[in-house]
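Heads up, the thing below is written out as structure tokens.
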Amino acid sequence: MGSIDEAKANAKRLRKANTEVNNESTEGYIGRLDEILREAAIASLSRGYKKGRW
């Protein structure tokens, strides 16, 4: 049975591996989605919608 320190080290390695896989798999789509949402928000505000109005 492993120690708590070993478990923490394993969790850290898994988080790093998951982050690398996510970065590779999105291929920049997150940045493009951010750009689209930003443009939509600007367009909504320019048409008179109030910020934070849901």
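The values are calculated or read from the model by the stated rules, or taken from the named source; none is laboratory data. Everything numeric here is computed off the predicted structure, so don't read it as measured data. Note: ideal-geometry Cβ built from the backbone for every residue, glycine included; neighbour counts use all protein chains shown.
Here are a few things to note about the model shown:
- Here TYR29 fits the description: loosely packed, with under 10 Cβ neighbours inside 10 Å and of a type in the set (Phe, Trp, Tyr).
- The condition of being modelled with pLDDT under 80 and out of contact with any Leu (no Cβ under 8 Å at 6 or more places or on another chain) holds for only one of TYR49, TYR29, that being TYR49.
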